[in-house]
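Have a look at the structure below, then the notes.
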Number of protein chains: 2
Amino acid sequence: MSGAIDLSQKLSTFSDHWSPRTVGQFNACDVMVVKVQGEFVWHKHNDTDDFFLVLKGILDIELRDRTVTLTPGQMYIVPKGVEHRPVAREEVHLLLIEPTGTPNTGDAATAAPRKV
Amino acid sequence: MSGAIDLSQKLSTFSDHWSPRTVGQFNACDVMVVKVQGEFVWHKHNDTDDFFLVLKGILDIELRDRTVTLTPGQMYIVPKGVEHRPVAREEVHLLLIEPTGTPNTGDAATAAPRKV
């Protein structure tokens, strides 16, 4: 990795939803950008906390007992084992950080393939 | 952690430089915001990669063989063991992520205390 990683530039290279792109790696974590729209599935990650930072748009992270709403410049960490469902009424751009190899649904069988 | 973490709001609560505040923790990493201005010391982290994301301002990360310049929305990961010196000609706001307990100079003896 020789220079600056521009998140907006990386986001401009694709248009599909719910398909994170890895833009960097550090300490065995993937740094990813993703575009999302609509409702994801309810899921949890048994072994990893789930980091969300909103870059554009408004994201609802539905939890079983409440909803956390994030606007640009706001982040939230879903603790391991906590069921959640991201919902984006309009397109939302996110920065995600997860240990390398974490399936996005918390379940390798239903996870979308990770793209770089 | 019950709700959204607003990075600008967290940054508005302090004004000192080079003194990161932890705003969240995930997977044994600290998520921190920091204001920097001027030149930091040359240092390296022998065991951890160093994640920088610029939220405001322009940051030069000087490496021994080149300089990486970051503007808002740009990130860079300094690999473990690589000497670097952050330089901010005007005040810069950063998001940093490091394994919990990493000294900011790579050397516990000279590191500034971590504030929460």
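What average count of beta carbons from other chains do you get within 10 Å of the Cβ of residues in A:4-12?
Numbers: counts 12, 9, 5, 5, 3, 2, 2, 1, 0.
Whole-number average of other-chain Cβ neighbours for A:4-12 is 4.
So the label point sits 7 Å from Cα along the Cα-to-Cβ vector; using that for B:Ser19, what distances do you get to the other copies, in nanometres, sorted shortest first?
Relative to the other copies, B:Ser19 has label-point distances of 4.7 nm.
Once the Cα gyration tensor of the stretch A:15-84 is found, what semi-axes does its equivalent ellipsoid get, as square roots of 5 times the eigenvalues, in whole Å, sorted largest first?
Details: eigenvalues 69, 55, 29 Å².
Semi-axes (√(5λ), whole Å): 19, 17, 12.
Which whole-Hz ³J(HN,Hα) couplings does the stretch B:37-50 yield from phi under the Karplus relation 6.51 cos²θ - 1.76 cosθ + 1.60, θ = phi - 60°, glycine and proline marked x?
For the stretch B:37-50, the Karplus-derived couplings read 7, x, 9, 8, 8, 5, 7, 8, 10, 5, 10, 9, 6, 10 Hz, x marking Gly and Pro.
Taking the label point 7 Å from Cα in the Cβ direction, how far apart in nm is A:Pro79 from each other copy of itself, listed shortest first?
When each copy's label point is compared with this one, the spacings are 3.7 nm.
I need to check one value: relative contact order of chain A, counting alpha carbon pairs closer than 8 Å and at least 6 residues apart, in percent.
Working: 257 pairs, mean separation 36.8, N = 116.
Across chain A, relative contact order equals 32 percent.
Find the percent of Cα-Cα distances in the protein assembly as shown that exceed 27 Å, and round it to a whole number. Walk me through the numbers on the way to the answer.
Numbers: 8257 of 26796 pairs.
When every Cα pair of the protein assembly as shown is considered, 31 percent fall beyond 27 Å.
Would you grab the residues whose amide H sits under 5 Å from the one on A:Thr48? Only those 5+ places off in sequence or on another chain, please, with H modelled 1.01 Å from N.
The list, which skips near neighbours in sequence, is A:Gly81.
Per the helix-only calculation at 222 nm, which mean residue ellipticity applies to chain B, given -39500 (n - 2.57) for every DSSP H run of n ≥ 4 and division by its residues, nearest 500 deg cm²/dmol?
Details: 1 runs with 5 residues, N = 116.
After summing the helix terms and dividing by residue count, I get -1000 deg cm²/dmol.
Every read-out reported here was derived from the displayed coordinates using simple, explicitly stated rules and does not represent laboratory data. A quick note: this is a predicted structure, and the numbers were derived from the prediction, not measured. As a convention, Cβ positions derive from the backbone with ideal geometry for all residues, glycine included, and neighbour counts pool all protein chains shown.
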